[in-house]
Amino acid sequence: MRIWCFHCFIDDNEEEENGGGVSGGLKQSSATAMDNNNEDGDFDENERELGVTGGRIFTEDEDWTLCEEMLAAEEDGEATGAEMERFWTSEIRLHQLVQGESSNAVAAAAAAAAADEDSTMEEADHDSHHKRAKVYSGLAECRSTSGVSSDAGNSGSSVERTVSFGVASSSRTDTDMFCQNFILNYSRKDGKKDDGDDNGSSDAEDFEVHIDLTDDLLHMVFSFLNHIDLCRSAMVCRQWRVASAHEDFWKVLNFENMRISIEQFENMCHRYPNATEVNIFGAPFVNALALKAATTLRNLEALTIGKGGHINGGHISENLFQALGECNMLRSVTVSEAMLGNGAQEIHLSHDRLRELKITKCRVMRLSIRCPQLRTLSLKRSNMSQAMLNTPLLQLLDIASCHKLLDAAIRSAATSCPQLESLDVSNCSCVSDETLREIAQACANLHILNASYCPNISLESVHLPMLTVLKLHSCEGITSASMTWIANSPALEVLELDNCNLLTSVSLHLSRLQSMSLVHCRKFTELNLQSTMLSSISVSNCPALRRITITSNSLRRLALQKQENLTTLVLQCQNLQEVDLSDCESLSNTVCEIFSDDGGCPMLKSLILDNCESLTAVRFCNSSLASLSLVGCRAVTSLELKCPRIEQICLDGCDHLETAFFQPVALRSLNLGICPKLSVLNIEAPYMVSLELKGCGVLSEASIICPLLTSLDASFCSQLRDDCLSATTASCPLIESLVLMSCPSIGSDGLSSLNGLPNLTVLDLSYTFLMNLEPVFKSCIQLKVLKLQACKYLTDSSLEPLYKEGALPALEELDLSYGTLCQTAIDDLLACCTHLTHLSLNGCVNMHDLDWGSTNVQLFDYFGGYSSSENAQEPAETANRLLQNLNCVGCPNIRKVLIPPAARFYHLSSLNLSLSVNLKEVDLTCANLVLLNLSNCCSLEVLKLGCPRLASLFLQSCNMDEAGVEAAISGCSSLETLDLRFCPKISSVSMAKFRTVCPSLKRVFSSPNLLQD
């Protein structure tokens, strides 16, 4: 890793000594030598200090070569060097031009600029004093100068335009400013002249405004940059170099995990002696670097060291700790992953002002610390046998995982800190109750104690009255008797007892307790907790837990998942809002009383009882409950809810639910189709809009009072009778969609009640035993969709009101699939009901040819009368059929389909004839047909298509040959998808021919089969 450009920073006085602009700082680079022709002077010796890159010390001759190398490392160096050379040359030439070498006009302009020099410099000083950005926009002056320059250009002189690399605007002369504005307003990066008119003026859009940032603005911007970005910014210009070198940006020297040499680091310390923080963690020779920092930086406040390189990197000598004692400003020291001394000697650290010390993951024999102002000390995971502390003001001591510290050493270290407030002795297996008792006596202000993974403690006779946080994870000595001593800590706020395997019961009355954790306590059976401030409790994976009693005014959420043996739950929580009791298989019906209005949770909003398999009858009367989940409660047979605010309920898996009462509820939708044994249903839901009863096959009594209901699905409710339907239509007048599929008990009386539904537009009576549709035709005037699938008792005369009397004038979609209508009824329906847009005749065995081109068949016009063949050749616009989708799937008796232009199917866009096994001939002329499906028409022989807009053609498993398909698609100029899979007479190698015949093809599907003989 390289550390760039620290050598490029100079002080303001050094810059003044040089007296140079850019000409004094820029040098051109070549492959052999450096150009030394700068007239304004080079950097002095102070400016050519030691460079830092890859461990090298740069000499005077290599100084600017390094700058160009740095720039080339970030952006293409060769191109940048060439640009810099060209810019410099161009500026010199332009400067000579302005001095009077080109024309009298330019000389006059220069003289005028000199005349105003005093006022300009005064203004510049005024701007510098008030820290105001300078704006140069000399457009008018440059326009006149451009004209003169153009004339002069005819005599052989020229101007090369570029962007000036000038110094800060406050130090520029009038001539420099003129050059700057001229270059900015009239130059191009390629160095070519702009093409103007005869007068030499340029376009107004070429005008640019140049703003020089003042030092205070640069300081503000640079304050957001890191060290690497600051180094890159230093290569822009002298002003940026000086601004980026400000010591405010280098108060913190962070070289963490960087390969920096001792010489480089020493150079940085000399350059920035006021640095207050140094981080050399992971750097090589960390001990030597730390010594340099301690002896050079007199204002050092924070030092981070450790984990050095392979060569003596991680070794911290005793001399360093002695040197740190002389850093009067030092406040914080962090040493990580290092060996202190030789590993077998005692390390002494004495400092009068040190406030924070962290020695973690270090190896040391003995440690002696005398720091009277020390507040925080961490020796976590350090390998030491003894720690002697003289820190009377120490407040935080962390000796976690110090396995070699004996019980007596821990006791001596902790008791020597009378002001101790936080102590972490976790994973110190030697800690005993006697040590904790002495610590409790010596440290009266102890607030936080972490004694996790200490198997020898039971807290017997340990009195900690000021304790607020107690962590006892995996303490095998903690039992129910320990709760007596814990109860003597009235200020306790946080208690963690995870993995205490011998703990059987907890009974605590702590008024300030806010958080408690009981996880993986295998023998834990009972919890009795009273705390008015309890806001969080975690109890999980306690397989023996049977009873929980909680009293709290602050608890808002309670989660007790997977407590398989929990049978009794008592809650007095006035602000409890969310309860999760998932997988508590032993909970009985009495749990419902806790969450009713008379229970102890008056503010409850969400209740989850998923997979509580012991629940059989659920009854809630709660005025605040908004969400209830009973997923997987398979034993529930009765559900009664009087929850006026409930908006969501989930009953998935309640397979045995027989009776359900929702009176009243705020549900907007409800799905009871997953309750196949539901027989009695009462719903009073003033806001419900959708109700699904699909699959409630034994539902015989239903009282549905939902004035806003718009959709009702009662499919397969075989026991639903006419009286129930009549009552429902009377109480739900806004129903728009009604599905009564497979409701055989619904008769004419029930259908007659549909006249009370003025908004009904969708009606599904499929798979019913209806014989007369007269009630539907009279009651459902606004009906748009009518589905009559598999209504086998409907006769040919049942649909006569549709095509003879004009019944259901708004009908758009009709489904007569799997019916018994004859060919004549179907022909009449197709001829007269020209307002239909979707017609399904799937599986109609009585339907034969669809031939609308025979001369022996007269066509009905739009009004039901007959028209001659001559009139059919010129159909009027009002006689066009509106049919868009025609489905005749699986009609075994169809042999021929003929739709000529005279049939007036001008809107037909989709035709599905798949699985018509006897279909042999298809002749279609439909201008707007987009999709044609003839899959599995294995007898198809003739296919004629005059469909210029056909986009998808499906011919799966058809016996047509290549020539027939080629002829069929030749007239389909918009065809994009052709499916020829499993066609035995078509080879996959013929796909190229189809693409040639139909260039619009994008997707051709075929099977890799061979032609059959």
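In whole angstrom, how far apart do the alpha carbon centroids of the stretch 342-380 and the stretch 757-794 sit?
About 90 Å separates the Cα centre of the stretch 342-380 from the one of the stretch 757-794.
Please report the carbon-and-sulfur percent of the accessible area for the stretch 886-982; probe 1.4 Å, protein heavy atoms only, DNA, RNA and ligands left out.
Carbon and sulfur atoms account for 51 percent of the accessible area of the stretch 886-982.
Quick check: residue separation of Q373 and A992 times 0.36 nm, minus the Cα distance between them. What number comes out in nm?
Computed gain between Q373 and A992 is 213.9 nm.
Heavy-atom accessible area per residue, the stretch 746-843, 1.4 Å probe: how many Å²?
Result: 39 Å² per residue.
Which value, in Å² and to the nearest 10, is the accessible area of I347 when all protein chains are kept and the probe is 1.4 Å?
Counting only protein heavy atoms, I347 exposes about 0 Å² to solvent.
Between C650 and A730, take the C-beta separation as r, use R0 = 25 Å, and let me know the FRET efficiency to the nearest 0.05.
0.25
Just subtract the alpha-carbon distance of H348 and N846 from 0.36 nm times their residue separation and send over the number in nm, one decimal.
168.6 nm
How far, in nm, would the chain grow between E613 and S973 when pulled straight, counting 0.36 nm per residue and subtracting the alpha carbon separation?
Working: separation 360, 0.36 × 360 = 129.60 nm, distance 6.41 nm.
Extra length available between E613 and S973 comes to 123.2 nm.
In whole Å, what is the distance between the alpha-carbon centres of the stretch 670-721 and the stretch 452-525?
The stretch 670-721 and the stretch 452-525 have Cα centres separated by 53 Å.
Over the stretch 506-574, what percent of the accessible surface lies on carbon and sulfur atoms, probe 1.4 Å?
Whole-percent figure for carbon plus sulfur exposure: 42.
Provide, for q = 0.17, 0.18, 0.20, 0.22 Å⁻¹, the log10 of I(q)/I(0) from a solvent-free Debye sum over equal Cα point scatterers in the stretch 497-591.
At q = 0.17, 0.18, 0.20, 0.22 Å⁻¹ the computed log10 ratios are -0.68, -0.77, -0.96, -1.16.
Where in the stretch 567-586 is the amide nitrogen less than 20 Å from a point lying 7 Å along the Cα-to-Cβ axis of S554?
571-579
For E585 and H403, FRET efficiency with R0 = 56 Å and r from the beta-carbon atoms, rounded to 0.05?
Efficiency for this residue pair is about 0.85.
So which of K251/K292; K787/K920; K307/K471; K404/K523; K944/K985 end up more than 27 Å apart, counting from Cα to Cα?
Result: K787/K920; K307/K471; K404/K523 exceed 27 Å.
Any chance you could look up the accessible area of I280 with a 1.4 Å probe, heavy atoms only, rounded to 10 Å²?
Counting only protein heavy atoms, I280 exposes about 0 Å² to solvent.
What percentage of the solvent-accessible surface of the stretch 290-369, computed with a 1.4 Å probe over protein heavy atoms, is contributed by carbon and sulfur atoms?
The value for the stretch 290-369 is 44 percent carbon and sulfur by accessible area.
Counting heavy atoms of the protein chains only and a 1.4 Å probe, report the per residue accessible area for the stretch 666-729 as a whole number of Å².
For the stretch 666-729, the per-residue accessible area is 38 Å².
Can you run the Rg to Rh ratio on the stretch 244-333? Use alpha carbon positions and the Kirkwood inverse-distance Rh. Please list the in-between numbers first.
Numbers: Rg = 12.0 Å, Rh = 12.8 Å.
Rg/Rh: 0.94.
FRET efficiency for E460 and Q574, Cβ-Cβ distance as r, R0 = 35 Å, nearest 0.05?
0.45
With the other protein chains left in place, how much accessible area per residue, in square angstrom, belongs to the stretch 344-464 at a 1.4 angstrom probe?
Using a 1.4 Å probe on heavy atoms only, each residue of the stretch 344-464 averages 41 Å².
The values are calculated or read from the model by the stated rules, or taken from the named source; none is laboratory data. What you see is a predicted model, and the numbers here were worked out from it, not measured in a lab. Note: ideal-geometry Cβ built from the backbone for every residue, glycine included; neighbour counts use all protein chains shown. To get the accessible areas, we keep the full protein, side chains included, count just its heavy atoms, and leave off ligands, DNA and RNA. Shrake-Rupley method; radii C 1.70, N 1.55, O 1.52, S 1.80 Å.
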